Amino acid sequence: ELANRMAEKGADLVKAMFKMGMMVTVNQTIDQDTAELLVTEFGHNIQRVSDSDVDIDTSVDVDAPETLKSRPPVVAIMGHVDHGKTSLLDALRGTDVVKGEAGGITQHMGAYQIKTKGGDLVTFLDTPGHAAFTQMRMRGANVTDIVILVVAADDGIMPQTIEAINHTKAAGVPMIVAINKIDKHEANAQRVRERLLEHEVVVEAMSGDVQDVEISAKTGVGLDELIEKILLQAELMELKANPDREAEATVIEAKLDKGKGPLATVLVNRGTLKVGDILVVGTESGRVRAMLDDKGRQVKAAPPSMPVEVLGIGGVPMAGDKLTVVESEQRAREVSSYRQEQATAKRTATAPANIDTMFSALAAKQNVIEYPVVIKGDVQGSVEAISAALNNLSNDEIKVRILQSGVGAITETDVALASASGAPIVGFNVRPNAKARELIAKTKTPMMYYDIIYELTAEVAKQMAGIWGPER
Ligand code: GDP
């Protein structure tokens with residue numbers, strides 16, 4: 001790599017280092033000081049590159065106030081299980097005046113947008129519950145402008161209601177309380193308002209500043225009022241973005257489609273995403289081949305706050321990843337390969353050299369050994385189910401440690417991580433790509449391919465018993 005950058009022969013560099021008393025091979029990693037010495041030795045100039053030289057830093061690139069135009073609010077729905085989050089999402093989707101107009105088929109892609117009777121647009125995140133919200137936030141993606149806290153009027157404040165309040169407050173996102181199931185005769189909306197006080201949520205009816213509305217996701221009562229309140233809140237927030245620039249977006253959901261390849265639902269933060277745009281997203285790069293809206297229609301351009309499914313990304317990105325449009329394919333590849341290197345370096349830096357040293361070190365330290373594993377699957381749901389199932393196999397003596405899990409084909413970085421940690425790779429309905437296959441052969445990384453979860457867990461349980469068994 002260094003020789004390439006200097007347009008010198010690798011062998012010459014190795015020779016020069018031998019002369020300096022350093023016995024190295026051509027693909028060995030050398031430290032920065034040695035590299036600098038070598039570069040000077042060959043008569044080249046040193047240019048130290050930092051993150052900001054290679055990677056994209058969009059935070060410095062602020063849009064001028066006169067370029068900003070108002071954009072639709074992005075709304076997330078949270079609340080306790082069975083309080084009606086999914087029903088409300090469905091009911092709100094039903095209020096869309098564009099619905100059915102073009103005969104499109106509703107796509108569940110992680111977010112949808114409705115047009116209200118007044119012609120305003122509102123975007124809803126279609127993953128109810130706070131797990132998705134928190135996961136995105138942990139990855140630095142704050143896409144939600146407004147949270148609707150759904151509380152069932154017959155059930156009142158429950159543990160997940162309180163959790164949702166805490167998450168919303170931590171994110172500093174304004175909340176609208178939707179008191180649901182008001183059609184039920186045991187409904188007691190006033191009781192809900194009173195109990196909310198205990199959690200420092202003071203609704204308007206209690207002289208506070210949090211908007212509240214009584215609704216029924218079942219009968220549709222109060223939905224118009226809820227939408228009005230969302231629009232009012234959005235107006236207060238003066239949500240704006242510059243639509244006339246290269247796009248930046250956030251990944252809401254991503255998966256590998258057998259026919260179409262990697263698919264990512266993104267929400268445009270600023271600028272307008274267009275078909276043909278060259279992009280970097282997380283550690284992946286690509287070009288927008290096509291975009292679909294939430295009604296399955298092809299669109300050519302996506303302005304701020306619009307969710308679209310993007311085709312044409314090289315691999316499956318992660319929820320919360322930032323998408324940035326760049327000027328050239330070369331730049332896209334440069335940034336994505338830099339990010340891949342960084343990600344691998346970070347993961348392998350702490351990984352023990354092999355399975356034996358890892359087990360003995362751990363066993364010595366805490367009398368517990370670990371079974372490390374890398375999981376790749378075709379959809380997020382199965383990856384999560386496998387992770388949960390494997391974690392369940394942990395006991396007092398041996399614990400399953402998931403080094404990495406994700407959606408998509410098994411890649412070189414997965415193999416690098418697994419082999420560095422002496423871990424097997426589990427592929428659920430996915431296979432390694434060509435480069436990964438080479439590395440698997442070279443590193444002799446154990447592979448396990450499954451399409452039935454319990455067969456996979458049975459095999460891992462057997463291996464774990466073997467590790468802890470008398471033969472070790
Ligand atoms: P989630 O777990 O929060 O997504 O809740 P769901 O949307 O799945 O709703 C849980 C149950 O409550 C379902 O049986 C719904 O039919 C019912 N439900 C939701 N909203 C209402 C409502 O406004 N009125 C009545 N009577 N039932 C509702």
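The values are calculated or read from the model by the stated rules, or taken from the named source; none is laboratory data. Treat the numbers as computed from the prediction; the structure is a model and nothing was measured. When we count neighbours, we look across all protein chains shown, and the Cβ atoms used for this are built from the backbone with ideal geometry, even at glycine. Accessible surface is based on the protein model in full, side chains and every heavy atom, while ligands, DNA and RNA are left aside. Shrake-Rupley method; radii C 1.70, N 1.55, O 1.52, S 1.80 Å.
Quick notes on this structure:
- Ser419, sole failed condition from (1) crowded, with 20+ Cβ neighbours inside 10 Å; (2) under 28 Å from Ala264 (Cα atoms): (2)
- Leu37 meets each of the listed conditions (1) surrounded by 10 or more Cβ atoms within 10 Å (Cβ to Cβ); (2) closer than 22 Å to Glu334 by Cα; (3) hydrophobic (A, V, I, L, M, F, W, C) apart from (2).
- Close Cβ contacts (under 8 Å, 6 or more residues apart or on different chains) running from residues in region 217-241 that are basic (Lys, Arg) to residues that are away from the ligand (no atom under 12 Å from the Cβ) and open to solvent by less than 30 Å² (accessible area, probe 1.4 Å) comprise Lys229/Ile176; Lys229/Gln211; Lys229/Val213.
- Residue match in region 159-181 (condition: modelled with pLDDT of 90 or more and farther than 14 Å from Met78 by Cα): yes
- Hits in region 273-299 (condition: open to solvent by 20 Å² or more (accessible area, probe 1.4 Å) and within 19 Å of Lys69 (Cβ to Cβ)): Lys274, Val299
Let's see how each residue does on (1) hydrophobic (A, V, I, L, M, F, W, C); (2) away from the ligand (no atom under 16 Å from the Cβ):
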| residue | (1), (2) |
| --- | --- |
| Ala170 | yes, yes |
| Val173 | yes, yes |
| Asp183 | no, no |
| Arg191 | no, yes |
| Leu197 | yes, yes |
| Val201 | yes, yes |
| Thr250 | no, yes |
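- Thr348 modelled with pLDDT under 70, in a helix (DSSP H, G or I), open to solvent by 50 Å² or more (accessible area, probe 1.4 Å) and β-branched (Val, Ile, Thr): no
- Residue that is nearest to the ligand (Cβ to nearest atom), among those in region 203-234 that are modelled with pLDDT under 95 and in a helix (DSSP H, G or I): Ala205
- For Glu248: the one exception among (1) touching a Leu at 6+ places or on another chain (Cβ under 8 Å); (2) more than 30 Å from Asp277 (Cα to Cα): (2)
- Counted residues, region 435-454 - those being closer than 15 Å to Pro424 by Cβ and open to solvent by 80 Å² or more (accessible area, probe 1.4 Å): 2
- All positions within region 144-155 that are within 14 Å of the ligand (Cβ to nearest atom) and open to solvent by 10 Å² or more (accessible area, probe 1.4 Å): Asp154, Asp155
- As a summary of the residue check, Glu309 satisfies the conditions (1) at pLDDT below 95; (2) surrounded by 21 or more Cβ atoms within 10 Å (Cβ to Cβ) except for the one numbered (1).
- Helices (runs of 4 or more DSSP H) wholly inside region 1-98 that include at least 3 residues being over 25 Å from Ala345 (Cα atoms): 10-19, 85-94
- Per the listing Gly94, Gly79, the residue uniquely within 16 Å of the ligand (Cβ to nearest atom) and open to solvent by less than 10 Å² (accessible area, probe 1.4 Å) is Gly79.
- So Glu246, is it touching a strand residue (DSSP E or B) at 6+ places or on another chain (Cβ under 6 Å) and within 16 Å of the ligand (Cβ to nearest atom): no
- Condition met for Ile410 (open to solvent by 10 Å² or more (accessible area, probe 1.4 Å), touching a helix residue (DSSP H, G or I) at 6+ places or on another chain (Cβ under 6 Å) and either without any contact (Cβ under 8 Å) to a residue 40 or more places away in the chain or not basic (Lys, Arg) (or both)): no
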